[in-house]
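So the structure is just underneath, and the comments pick up after that.
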Amino acid sequence: MMCLREWRNRLAVHFAALVIFIFLPTVCMAADSATGTLRADAFRHYVEQFNKDDEELYREAFPNEKAWEFLKDNIPLFECPDADIEQTYYFRWWTYRKHVKQTPDGWVITEFLPNVPWAGKHNTISCPAAHHFYEGRWLHDAKYLNDYAPFWFRKGASPRSYSFWAADALYANFLVRHDAEQVTGLLDDLVKNYQAWEKSSLLGDGLFWQIDDRDGMEVSIGGSGKRATINSYMFGDAQALVKIAKLAGKTEIATEYEGKAGRLRQLVQEKLWDPEAKFFKTRPKGDGDLPFVNVRELHGFTPWYFHLPERGKGYEVAWKQLTDPQGFMAPFGPTTTEQRHPGFRISYEGHECQWNGPSWPFATAVTLTAMANVLNDYEQDSISKADYFQSLKTYTRSHHLTRPDGRVVPWIDENLNPHTGDWISRTRLMKWKNGKWDAGKGGVERGKDYNHSTYCDLVITGLVGLRPRADDTVEVNPLLPEGTWDYFCLDRILYHGKTLTILWDKTGAKYGKGKGLRVFADGREIAAADSLKRVSGTLSENKK
């Protein structure tokens, strides 16, 4: 006969089992909700198709057979009703993964997959490195950029072989990672880097000069001189050094670079703004104020990438040129030179990489980042959210190649014909050396999967509108125009140690998390709105 104690024990076990059975569905639902809204496997087909279409000529640490594993573990997921934008988002992560390279000096990010003779150590090139940080800061595993950052200053790299806004890029990485120790640990290196630029490139009038080729913009119409590029980059670095120095408690350095940034802002506005053309332009190197070069070039939008132009001064009128068919607008643009200029060229002769007309993803990415800054932080009527969306759509449209058999596949390369979408340098290089690829120019498919720009960062910080900040406020301001899409979701965003979900659900039926714009941190809703407008919430649960 069962004793009373044993009977009570069995009853307790059965009761516990009954409780688990009743409440298990709720527990599982909560767990699923906490892990996010989107399922990674729903996007695996993109990677499988990219692999299938790919001729994998060059392999690094994560070849195609490891592509899905890498992306599944590392990237924010994105869903939207625009198939081209969604596909290109995953395609650009798929190509970025190819450039993550393991070396004896740690992880680095490359620009070209084949070795090119103008690269530095481990085939690295400083010209696109800031883009690598802006894009790669959204990878979940921080080790890649944590190695890549000190590599530029301590492992024999060449950070000044090309223009490179290094301090700004590392601070942009901090705004997402929130790892103060990592960025302040490089403060002395970044200060020395700035000082080296001053020694080599600072002129007596207080402006910096650069060779157009060393800006990565060879054969430009404007040529070398006091360019909006290098001066904006140095302004951006000075601003970043102020913030990094404050994080490190180095008030003297912060004060010094606050002064440098202020002087440079004033000089760029006074000396590089052409009031007649209403545009930032290049002046030739030389004593005094030599006349402006007589051309508007796309890099004149670069100052807004760093919030250099002062608000309320009317400089934003320059942005009307972006949507002008005689300016920079083209079916596969924007063009790098205004099309009304007599020197505008789409040439298939001479140097294969010309910045006198063709569209370049490098410059397009800078322009779209700058454009998002204008729409977020300036009061103006020269551009709109609709202009941003159409510019992003144009950029997206350029990410294609038509194969000889007629198949259209996702593609990123060097420079495009802005009227036809043809990848100019590829078309030319594949015919060199008696109809074969020129090994001295980088070899077969030199520009394939070219890592010289951003795209995913534009979707995250521009279209979806997550604006990285140093504090624990999450700010979201989608640049998607009202009435364009019924839904989108950006999920699994690792930000300040939390996992964010940002979604737009017009009716509330798509994701079942409420109607309108919703922002979640680790599954907790922190901001919401019925329309696509700026919202903010805090990561700290004890704050409102």
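Each value in this text was obtained by applying a stated rule to the coordinates, not by laboratory testing. In this text, all values refer to a predicted model and were calculated from it rather than measured experimentally. All Cβ positions, glycine included, derive from the backbone under ideal geometry; neighbour counts span all protein chains shown.
Please give the contour-minus-distance gain from GLU48 to LYS441: 0.36 nm per residue of separation, less the Cα-Cα distance, rounded to one decimal in nm. Before the final figure, lay out the partial values.
On the way: separation 393, 0.36 × 393 = 141.48 nm, distance 3.08 nm.
The span from GLU48 to LYS441 would gain 138.4 nm if fully extended.
Going by neighbour counts of Cβ atoms within 10 Å, the residues MET371, MET234, MET329, MET430 line up, fewest first, as MET430, MET329, MET371, MET234. Only helices enter this figure: runs of n ≥ 4 DSSP H residues, each worth -39500 (n - 2.57), summed and divided by the residues of the chain, yield -11500 deg cm²/dmol at 222 nm to the nearest 500.
In debye, nearest 20, what is the charge dipole magnitude of the range 468-544 about its Cα centre with +1 on Lys and Arg Cβ and -1 on Asp and Glu Cβ, if you could check? Provide the component values of the computation, followed by the final result.
Working: 13 positive and 11 negative charges, 18 e Å.
Using only the charged Cβ atoms, the result is roughly 80 debye.
As a calculated quantity, the FRET efficiency between ASP179 and ASP41 at R0 = 25 Å, using C-beta atoms, amounts to about 0.25. Under the convention that each Lys and Arg Cβ holds +1 and each Asp and Glu Cβ holds -1, the size of the dipole of the range 244-311 around its Cα centre is about 180 debye.
Structural descriptor for the range 468-544: relative contact order 30 percent, calculated from alpha carbon pairs under 8 angstrom and at least 6 residues apart. Each of PHE62, PHE133, PHE280 was scored by other Cβ atoms within 10 Å of its Cβ. Listed from fewest to most, they are PHE62, PHE133, PHE280. Ignoring lysines fewer than eight residues from LYS98 along the same chain, the ones with Cα atoms less than 18 angstrom from its Cα are LYS52, LYS66, LYS72, LYS121, LYS143, LYS448.
Under the Kirkwood approximation applied to all pairs of distinct alpha-carbon atoms, what is the hydrodynamic radius of the range 258-338 in Å? Could the numbers behind the result be given before it?
Numbers: mean 1/r = 0.0738 Å⁻¹.
After inverting the mean inverse Cα-Cα distance, the result is 13.5 Å.
Pairs exceeding a 20 Å alpha-carbon distance, out of LYS101/LYS433; LYS192/LYS271; LYS155/LYS226; LYS226/LYS271; LYS250/LYS271; LYS101/LYS192: LYS101/LYS433; LYS192/LYS271; LYS155/LYS226; LYS250/LYS271; LYS101/LYS192.
What is the sum of charges around ARG397, taking Lys and Arg as +1, Asp and Glu as -1, for the other residues whose C-beta is under 15 Å from the C-beta of ARG397? Write down the numbers at each step before the final one.
Details: positive: ARG92, LYS393; negative: ASP82, ASP84, GLU86, ASP413, ASP422.
Neighbourhood net charge equals -3.
Summary value for the range 413-544: 15 percent relative contact order, contacts being C-alpha pairs under 8 angstrom separated by 6+ residues.
If the only charges are +1 at each Lys and Arg Cβ and -1 at each Asp and Glu Cβ, what is the size of the charge dipole of the chain around the Cα centre, to the nearest 20 debye? Intermediate results must be reported in sequence, preceding the final value.
Details: 69 positive and 71 negative charges, 121 e Å.
Dipole about the Cα centre, nearest 20: 580 debye.
What number, in percent, do you get for the relative contact order of the chain if the mean sequence gap of Cα pairs under 8 Å and at least 6 apart is divided by its residue count? Write down the numbers at each step before the final one.
Values: 957 pairs, mean separation 80.9, N = 544.
Dividing the mean separation by the residue count of the chain yields 15 percent.
In cubic angstrom, how much convex hull volume per residue do the alpha carbon atoms of the range 468-544 span? Mind dumping the intermediate values first?
Numbers: hull volume 6.6 nm³, N = 77.
Considering the Cα atoms of the range 468-544, their hull volume per residue is 85 Å³.
Residues whose amide H comes within less than 5 Å of that of THR337, counting only those at least five positions distant or on another chain, are LEU298, GLY357 (H built at 1.01 Å from N in the peptide plane). Taking 0.36 nm per residue of separation and subtracting the current Cα-Cα distance, fully stretching the chain between LEU57 and PHE344 would add 99.8 nm. The label-point distance for ASP377 and ALA509, in a model that sets each label 7 Å from Cα toward Cβ, rounds to 4.1 nm.
Projecting the alpha carbon convex hull of the range 220-266 along each direction and taking the average yields 3.4 nm². Between THR420 and THR251, the modelled label-to-label distance comes to 6.3 nm, taking each label 7 Å out from Cα in the direction of the beta carbon.
Out of the range 39-80, which GluC sites (Glu not before Pro) are coil in DSSP terms and have no more than 14 other C-beta atoms within 10 Å? Walk me through the numbers on the way to the answer.
Working: sites: GLU48, GLU55, GLU56, GLU60, GLU65, GLU69, GLU79; in loops: GLU55, GLU56, GLU60.
Loop-located and lightly packed - GLU55, GLU56.
Against the chain, whose longest principal axis comes from its Cα atoms, helix 4-35 is set at around 20 degrees. On a 0 to 90° scale, report how tilted helix 187-201 is relative to the longest principal axis of the chain, with both axes built from alpha carbons and the result rounded to the nearest 10. That helix lies at roughly 20 degrees to the long axis.
I need the GluC sites (Glu not before Pro) found in the range 316-417, filtered to DSSP loop residues with at most 11 other beta carbons within 10 Å of theirs.
Passing sites in the range 316-417 are GLU349, GLU379.
Can you give me the angle between helix 44-53 and the longest principal axis of the chain, using Cα atoms only, in degrees from 0 to 90, rounded to the nearest 10? Taking Cα atoms only, the helix is inclined about 40 degrees. The ranking of TRP107, TRP432, TRP304, TRP68 from fewest to most other beta carbons within 10 Å of each one's beta carbon is TRP432, TRP107, TRP68, TRP304. Between SER531 and LYS431, the contour length at 0.36 nm per residue exceeds the Cα-Cα span by 30.8 nm.
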